[in-house]
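Scroll down for the structure; my scribbles are underneath it.
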Amino acid sequence: MAQDSSDIGARIVVLASGSGSNLQVLLDAVESGWSVAGVVSDQPDARALRRAAAAEVPSRVVEWGDHADRNEFTDAICAAAGEFDPDYIVLAGFMRVLGPSAVVQFPDRIINIHPSLLPAFPGAHGVRDALAYGAKVTGVTLHFVDEHLDHGPIIAQEALAVMPGDDEAALHSRIQVIEHRLLPEVVTRLAAGEFEISGRKVKRRVNA
Ligand code: GRF
């Protein structure tokens, strides 16, 4: 695992498009064994970039519109992330679908946090879609990224009840409480080399 001379542990690069509250939790984490080495966003005005700057973490912007197609955009995102020499890449509210070359370049090294219990309600509106469907239970999924959207092997999930009066904002804010606890826990375990992927199953490595 790559480590720089200051021994910051595993180098985590976060991809974020919006608010970046999950990024903030990673920036604030006092876990040993990893730290956020860089942030990449497709949105030049993303609050996530301001959070990175405030934490003195370097960032890059790669805009969708500057690229001819998804493959070119994906390669530019991977190149930007690669500048930070990542051990792992965390998609934390990154709202673009990456092409297959991302997992070729970073095999089993990209994880995503999604606000539903996958495989239910994949896509950009996991909270809204669960509400509209009338689900009584939804939750949070952390998973390795594969070449399909919101599909790779599941690392961790946690459920929560949908309340009768919930709107999207209320439900999402309760989901985010779970996200903010689960994400740093999973990154710590990831950085420790704890996970072994076997087909669709993520197991605990025996000697981790
Ligand atoms: C989170 O709910 C995450 O599950 C989803 O996008 C949201 C990002 O929130 N993929 P934030 O930008 O980290 O606040």
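Residue 166: net charge of surrounding residues, Cβ under 12 Å, Lys/Arg +1, Asp/Glu -1, itself excluded? My count for the surroundings of residue 166 gives +1.
If you stretched the chain out fully between residue 28 and residue 148, how much longer would it get, using 0.36 nm times the residue separation minus the C-alpha to C-alpha distance?
On the way: separation 120, 0.36 × 120 = 43.20 nm, distance 3.08 nm.
Using 0.36 nm per residue and subtracting the Cα-Cα distance, I get 40.1 nm.
With the charge dipole of the chain set up from +1 on Lys and Arg Cβ and -1 on Asp and Glu Cβ about the Cα centre, the Cα lying farthest toward the positive end among the listed residues 23, 206, 172 is that of 206. Counting only heavy atoms of the protein chains and using a 1.4 Å probe, residue 63 has close to 80 Å² of accessible surface. Assuming a ≥ b ≥ c are the square roots of the Cα gyration tensor eigenvalues, decide whether region 22-162 counts as rounded (a/c under 1.5), prolate (otherwise, with a/b larger than b/c) or oblate. Prolate shape, in that a/c is at least 1.5 and a/b is the bigger ratio.
Each Cα pair under 8 Å and six or more residues apart adds its separation to the average, and for the chain the resulting relative contact order is 18 percent.
The values are calculated or read from the model by the stated rules, or taken from the named source; none is laboratory data. Quick caveat: nothing in here was measured; it's all calculated off a predicted structure. No Cβ is skipped: glycine too gets one built from the backbone with ideal geometry, and neighbour counts run over all protein chains shown. What goes into the accessible areas is simple: the full protein's heavy atoms, side chains included, and nothing from ligands, DNA or RNA. Shrake-Rupley method; radii C 1.70, N 1.55, O 1.52, S 1.80 Å.
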